[in-house]
Amino acid sequence: MNRRRFSKTKFFSVLSITFLIFLCGILLGNYLSDLKLDSLVSLENDVRISIMSAELQYSIFSQDPCSNTGYSELNEEVYKLGRRLEFLETKYGTDDSNVLSLKEYYSLLEIRHWLLMNKMRDECDQKKTIILYFYSNLECDKCIEQGFILDYLNRKYSDIHIYSFDSDIDNTALNAIKKSYDVKIVPTLIIEGERFEKLQTVEEIEKIINVSLS
Amino acid sequence: MITFTQVIVLMTIFLGLFTGIYFLLTLDQNKDKIKTKLKEYFELPAVTVIVPAYNEENTVAKTLNSLLNLDYPKDRLTLMVVDDGSKDKTLEVLKIFEERGVIVHTKENGGKGSAINYGIDRCKTDFIGVLDADSWVDDQSLKRLVSLFNKQDVMAVTPSMMIGDVKGFLKGLQSIEFLVVVFIRKTLSFLGSIHITPGPFTIFRKKFFEKHGKFDRETITEDIEMALRIQSNGYVIENAVDAYVYTTGISKFWPLFKQRIRWFRGFIDNVLKYKHIIDRKYGNLGLFILPAAFIAVGLTVLTVIITLFNLFKQSYTYFLKWYYINFDITSLLSFKFDIFFLNIDSMLILTLIGLAISITIICISKGLGNEKQKIKISYLYYLVAYWLFFSAWWIVAICYKVTNRKIKWGSRYL
């Protein structure tokens, strides 16, 4: 009978120990997650420096700008940044304030990279296809699917550059681009300056690219 | 921003951690009482072992041989088999053993409870043990079980049940399960909260049957009913952790499923029958163990349902993705691994802590159960599989209860 007696001291001490372990686990997890956020901030800084260097390099070698081949590394960095941001977005949610501010900064970096690519393509006569993609996380039919398709094409073809912009970000530079291409709905693709609204399949995009490259 | 899924998972991990630590602490507090002490000048009492048998022609010989091999004075041990109207060659096998001193009774089929009760009526000793006809005993087990009857309020002593002959995935699963139960049962004995007196080789004091009646024939889990009856009347159920009993276990999926549905449905029915135990008066059993059992079942079932649902949702998203890129597999070749994508967050860390405690418990159980095999990686598969099976068994058992579907004994007492 006395074995069955409920010991309040034991109950509360085990409860406290469990609570402590639980708390430690949660704190450790949060700390590690925050490290990721920090690493992304520093990566964005690195990309900014790389872009600035590339732009300056381009200006310095104004006589023979096209012979420089440091750009593939830069492209890789930008691409990596975009992937990691996407990952954080799915983890923290699309309305997390940290993610949103990182995204806005990333959009500006994308625009700078795009301007540089445009200049290089015109002056160095490179065969590249540049695609701008406008999407929304809030209200968009088929944005997720369009994202899958573009991701696939990006990996399949090495001479495509795809820049994705969250249409809901209120930023003057971004708004200027939207206005100049008359972007009204999502998803919208600007392929080589031409506007395509609604979902474009793999075949449709490949056809457009082949036409523009030829 | 915390989702419903995360709340359920966190609650489950918290409850799991709490129970694990509580049990480990209890075991540690009583570590000098774990091994059964055989009293030196203790006079071994007379015991009758009843073996209820129904269609057990293949296994009953091994059972009886292990009983005949018990390290116990032959003049104090009576072996009795009650054939419950078997339709196979069981009776022929039993006739051979009659010549070796085993008493054989036969009667019309009436269920396991009725067979045991038939034996109890014809028993002349103060102590009665019951052994299932598909189980066999270690030769030291009876001595150890009997030495825990040192106080007058001990009405039953339970053994440690294990799977002998482990072959195949399902039996491997059951063997880990039984090992953990060895740990749980010993700990529950220190909390005075044993609520199952297993069929294989529990020893009872005959006085209890005289005062409070024999086995209940209505229930499909008479072992749970008897244990709760003993607890309800304020007596003590002990556990001899080093009294080993081996059972064959079930190797096929559906028979195992049916057995567990019977166990769980019986558990629900009997706890409802004895619901007055869930009360402050019954201390650990009423306030902690029985309620915690139901909460644990609820949370486990919920986590499985939620996880499967999320998995399904994820698979659907993946399918959609592949559909839109026309199932081009070559895109997989350009995959670059980025350590950033390793999702180490609080949930993962807490899950790992929970896993660590589970593995600790399994290791300790192996020590208690005298299990020789080493820990293998396969134990992780068993843990995951067990969680899924457990939920499936419980969901069906609850459905049976809710729809009031009848469960009967099959072609054997499984």
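Sort B:280, B:205 by Cβ crowding within 10 Å, fewest neighbours at the top.
Result, fewest neighbours first: B:280, B:205.
Of the options B:189, A:72, B:292, report the single residue whose Cα projects farthest towards the positive end of the charge dipole of the protein assembly as shown (beta-carbon charges: Lys, Arg +1; Asp, Glu -1).
Toward the positive end, the furthest listed residue is B:189.
To the nearest 20 debye, what charge dipole does segment A:13-139 have about its Cα centre, counting +1 at the Cβ of each Lys and Arg and -1 at the Cβ of each Asp and Glu?
Using only the charged Cβ atoms, the result is roughly 200 debye.
What are the ³J(HN,Hα) couplings of segment B:357-370, residue after residue, when phi is run through the Karplus curve with 6.51, -1.76, 1.60 and θ = phi - 60°? Round to Hz, x for glycine and proline.
Result, rounded to whole Hz: 5, 4, 5, 4, 5, 5, 4, 4, 4, 4, x, 5, x, 6.
Using alpha carbons only, how many angstrom separate the centre of segment B:49-108 from the centre of segment B:209-256?
20 Å
Putting +1 on Lys and Arg Cβ atoms and -1 on Asp and Glu Cβ atoms, find which of B:115, B:203, B:301 reaches farthest to the positive end of the dipole of chain B.
Of B:115, B:203, B:301, it is B:301.
Where nothing but the Cβ of Lys and Arg (+1) and of Asp and Glu (-1) is charged, how large is the charge dipole of the protein assembly as shown around its Cα centre, in debye to the nearest 20?
Result for the protein assembly as shown is approximately 3780 debye, rounded to the nearest 20.
Using packing as a proxy for protection, rank B:75-82, A:123-130 so that the peptide with the highest average count of other Cβ atoms within 10 Å comes first.
Descending mean neighbour count gives B:75-82, A:123-130.
From the square roots a ≥ b ≥ c of the eigenvalues of the alpha-carbon gyration tensor of chain A, which class results: rounded (a/c under 1.5), prolate (a/b over b/c), or oblate?
Cα axes put chain A in the prolate bin.
Could you give log10 I(q)/I(0) at q = 0.06, 0.07, 0.08 Å⁻¹ for chain B, computed by the Debye formula over C-alpha point scatterers of equal weight, without solvent?
-0.28, -0.38, -0.49
How would you rank A:172-179, B:300-307, highest first, on the average number of other Cβ atoms within 10 Å across their residues?
The most tightly packed comes first, giving B:300-307, A:172-179.
Counting pairs of alpha carbon atoms under 8 Å apart in space and at least six apart in sequence, what relative contact order in percent does chain B give?
Answer for chain B is 20 percent.
In a GNM of chain B with a 10 Å cut-off on Cα contacts, which of B:242, B:139, B:126 has the highest mean-square fluctuation?
Between B:242, B:139, B:126, it is B:126 that shows the largest mean-square fluctuation.
Can you list residues whose amide H is under 5 Å from residue B:240's amide H, if they're 5+ apart or on another chain and H is modeled 1.01 Å from N?
B:158
Other chains' Cβ within 10 Å of B:317-325 residues: what's the mean?
That works out to 4 on average.
What nm distance separates the two modelled labels at residue B:313 and residue A:3, each placed 7 Å from Cα along Cα→Cβ?
In this crude spin-label approximation the distance works out to 4.6 nm.
What residues have an amide H closer than 5 Å to that of residue B:123, excluding those fewer than 5 places away on the same chain, when H is modeled at 1.01 Å from N in the peptide plane?
Close amide H contacts, sequence-distant or interchain: none at all.
With θ taken as phi - 60° and the coefficients 6.51, -1.76 and 1.60, list the Karplus ³J(HN,Hα) couplings across segment B:171-182 in order, rounded to whole Hz; mark glycine and proline as x.
5, x, 4, 5, 5, 5, 4, 5, 4, 5, 5, 4
So for A:9, A:90, fewest C-beta neighbours within 10 Å to most, what's the order?
Fewest-to-most ranking of A:9, A:90: A:9, A:90.
Kindly put A:152, B:72 in sequence by how many other C-beta atoms sit within 10 Å of each C-beta, fewest to most.
B:72, A:152
Considering chain A, which cysteines have no disulfide-compatible partner, defined as another cysteine with its Cβ under 4.7 Å away?
By the Cβ distance rule, which asks for a partner under 4.7 Å, the isolated cysteines are A:24.
About the Cα centre of segment A:124-214, how large is the charge dipole given +1 on each Lys and Arg Cβ and -1 on each Asp and Glu Cβ? Please answer in debye to the nearest 20.
200 debye
Return the average number of partner chain Cβ atoms within 10 angstrom of each residue Cβ along peptide B:345-358.
Per-residue shielding by partner chains comes out at 4.
Just B:217, B:262, B:122 to compare: in a GNM of chain B, with alpha carbon springs under 10 Å, which one fluctuates most?
Largest GNM mean-square fluctuation: B:122.
Considering every residue in B:243-252, what mean count of other chain Cβ atoms within 10 Å of its Cβ is obtained?
Average per residue, whole number: 0.
Taken together, the values in this text are just the output of simple stated rules run on the coordinates, not laboratory data. This is a predicted model, so every value here is computed, not measured. Quick reminder, even Gly has a Cβ in these numbers, built from the backbone with ideal geometry, and neighbours come from all protein chains shown.
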